[in-house]
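Written out below as C-alpha cells is the structure these notes cover.
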Amino acid sequence: MNVVTHPPFDPELNAALLAMADAGQRPKPLTAELIVPNREAGTGLSPSDDQLRRGGKISFEERSAPGPAGAPDLPLLICRPTDPTAASDAGIYYVHGGGMVGGDNRTAIDVVLDWVEAFGVTVISVGYRLAPEHPYPAPVQDCYAGLEWVAGNAAELGVNAERIIISGGSAGGGLAAAVALMARDRNGPTLLGQVLICPMLDDRNETPSSHELDDEGVWDRTSNVTGWTAFLGDQHGALDVSPYAAPARSTSLAGLPPTFIDVGSVETFRDEDIDYAVRIWREGGDCELHVWPGGFHGFDMFLPEAELSRKARAVRQDWVRRLLER
C-alpha cells in the first residue's frame, strides 16, 4: 500500500493549525455543498474601512469599471497614500483569492497595502464574478477587462500605464497569471511585473503535492478538486483546457514580465508553482522563486505575525522594491 507523506509543517505554524482545529476555526475541506455557506460566512481576511485606512496613512475609494461586453460592471477598490507627496507613479493591479468560488476585492488585500505604505503605490483591487454561478471564462474576462480599464485610465488614477504590477494570491494568483498571458498574447497593457503568491495554476491535480494533503493544512486535494470543478465544470482535467483558465497549460511562458512566485512546501500548489518558475527560466525569462519550508497554503495571510510569514512578506516586498527601482 502506498502511503502519502508530506514535508513537516513549520513548528510555529503547526501549533497555530492545531489551535485553530481545537477551536473549530481551521478551514474544512471544501465541497460543492459548502461553497455558498462558506462564501456567506467569509474568511476573516477582508479588512474593515478602518483597517484599510491604516491609521490614516491610506485613503480609499470604491468605483466601478465596465466589464466585458454584456457583463456587469466591475467593482474596484482603489487605495493610495493619504499624503500625495508620498505617492509614486506605480500601480498594483490586485486580484483576490478564494478558490475561484469566494472572496471579494478586499480579501487578503493587506498583503499589498503594505506596499502602499512602503512605496507609495496605488492599489487597484478588482472584484470578479465567481464560479460556479459564473464559470470560466467569466472570472478571467472580468480581470482582463479591469486591467484594460486601469491602463486606459492610468493618468486619472495617478499611475504610469507602463508601471503596473499585477499581483494575486491563490486563485487570484492563477487569474493574475492568466491575465498576464492574455496581455502578452493580445498585445494588451504592458506589465512591469507579476507577483504570484501561492498561485492556483493547474487543473489536472497530477503532481505529487496535489496528492499529499487530505484534510490537512489549508486547501487540500478535496478543496482543489471542488474549486476547479466549479470553475471548469466537465472540462476540469480535460485535454484541451485553455491556458487562460489554467496557466500551467500554456505551451510557452516566453515573453512574460519579470515574475515573483512563492509557495509553501506543504501545500497542494507547491509542485505546479515550482514547475511554472522552471519553465519561465527555460525560456529565458526573469523569475524569482521561493519555497517556504513548512508553510501551508496562505500561511502569511492567516498568520501574518508568525516568523515565517514575516520573512515571506519581507522577501516579497523587497522584490517589489527592486523591480520599482529598475
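The values are calculated or read from the model by the stated rules, or taken from the named source; none is laboratory data. Worth saying up front: this structure is predicted, and the values here are computed from it rather than measured. Here Cβ is always computed from backbone atoms with ideal geometry, including for glycine, and neighbour counts include all displayed protein chains.
Which members of region 43-71 meet the condition of being within 17 Å of VAL95 (Cβ to Cβ) and more than 22 Å from the chain's Cα centre (by Cα)? Scanning region 43-71 gives a single hit, ALA71.
Taken over region 302-326, the criterion of being part of a helix (DSSP H, G or I), closer than 15 Å to TRP115 by Cα and either in contact with a helix residue (DSSP H, G or I) (Cβ under 6 Å, 6 or more places away or on another chain) or not basic (Lys, Arg) (or both) is satisfied by ALA312, ARG313, ALA314, VAL315, GLN317, ASP318, TRP319, VAL320, LEU323, LEU324.
Return yes or no: is TYR94 of a type in the set (Ser, Thr, Tyr) and not in a loop (DSSP other than H, G, I, E, B)? Taking the combined requirement at face value, the residue satisfies it.
Mind listing just one residue for me: the one in region 32-51 that is touching a helix residue (DSSP H, G or I) at 6+ places or on another chain (Cβ under 7 Å) and under 17 Å from THR107 (Cα atoms) and, of those, modelled with the lowest pLDDT? Within region 32-51, the match that is modelled with the lowest pLDDT is LEU45.
Scanning region 60-78 for residues that are under 17 Å from VAL150 (Cα atoms) and either of a type in the set (A, V, I, L, M) or crowded, with 23+ Cβ neighbours inside 10 Å (or both) yields ALA65, ALA69, LEU74, LEU76, LEU77, ILE78. Would it be correct to say that ASP234 is assigned to a loop (DSSP other than H, G, I, E, B), surrounded by fewer than 23 Cβ atoms within 10 Å (Cβ to Cβ) and not aromatic (Phe, Trp, Tyr)? It is false that ASP234 is assigned to a loop (DSSP other than H, G, I, E, B), surrounded by fewer than 23 Cβ atoms within 10 Å (Cβ to Cβ) and not aromatic (Phe, Trp, Tyr).
For region 272-283, the count of residues that are part of a helix (DSSP H, G or I), β-branched (Val, Ile, Thr), under 25 Å from PRO189 (Cβ atoms) and touching a strand residue (DSSP E or B) at 6+ places or on another chain (Cβ under 8 Å) is nonzero. When ARG163 is tested against (1) under 17 Å from the mean Cα position of the chain (by Cα); (2) over 23 Å from ASP300 (Cβ atoms), just one condition goes unmet, and that condition is (1).
Once region 256-276 is narrowed to residues that are surrounded by fewer than 23 Cβ atoms within 10 Å (Cβ to Cβ) and out of contact with any Gly (no Cβ under 8 Å at 6 or more places or on another chain), the residue that is farthest from GLU325 (Cα to Cα) is ASP271. Being in a loop (DSSP other than H, G, I, E, B) and over 27 Å from ASP318 (Cα atoms) is a description that does not apply to THR107.
Could we say that SER242 is assigned to a loop (DSSP other than H, G, I, E, B), over 23 Å from PRO29 (Cα atoms) and in contact (Cβ under 8 Å) with a residue 60 or more places away in the chain here? Against the criterion (assigned to a loop (DSSP other than H, G, I, E, B), over 23 Å from PRO29 (Cα atoms) and in contact (Cβ under 8 Å) with a residue 60 or more places away in the chain), SER242 qualifies.
Here is a yes/no grid of residues against (1) modelled with pLDDT of 95 or more; (2) at negative phi; (3) of a type outside the set (Lys, Arg); (4) in contact with a strand residue (DSSP E or B) (Cβ under 7 Å, 6 or more places away or on another chain):
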residue: GLU156; (1), (2), (3), (4): yes, yes, yes, no
residue: ARG163; (1), (2), (3), (4): yes, yes, no, yes
residue: ALA171; (1), (2), (3), (4): yes, yes, yes, no
residue: MET182; (1), (2), (3), (4): yes, yes, yes, no
residue: PRO189; (1), (2), (3), (4): yes, yes, yes, yes
residue: LEU192; (1), (2), (3), (4): yes, yes, yes, yes
residue: VAL195; (1), (2), (3), (4): yes, yes, yes, yes
residue: ASP202; (1), (2), (3), (4): yes, yes, yes, no
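Okay, residues lined up against (1) on the phi < 0 side of the Ramachandran plot; (2) in contact with a Leu (Cβ under 6 Å, 6 or more places away or on another chain):
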residue	(1), (2)
PRO247	yes, yes
GLY255	no, no
VAL266	yes, no
ILE274	yes, no
VAL278	yes, no
PRO304	yes, no
TRP319	yes, no
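Within region 144-158, no residue that is more than 15 Å from ARG186 (Cβ to Cβ) sits with its Cβ atom under 6 Å from a residue that is at pLDDT below 95 and not hydroxyl-bearing (Ser, Thr, Tyr) at 6+ positions apart or across chains. Given the criterion over 30 Å from LYS28 (Cα atoms) and of a type in the set (Lys, Arg), identify the matching residue among ARG316, ARG322. Of the residues listed, the single one that is over 30 Å from LYS28 (Cα atoms) and of a type in the set (Lys, Arg) is ARG322.
Has region 190-202 got at least one residue that is acidic (Asp, Glu) and within 26 Å of HIS290 (Cβ to Cβ)? Yes, the conditions are met somewhere in region 190-202.
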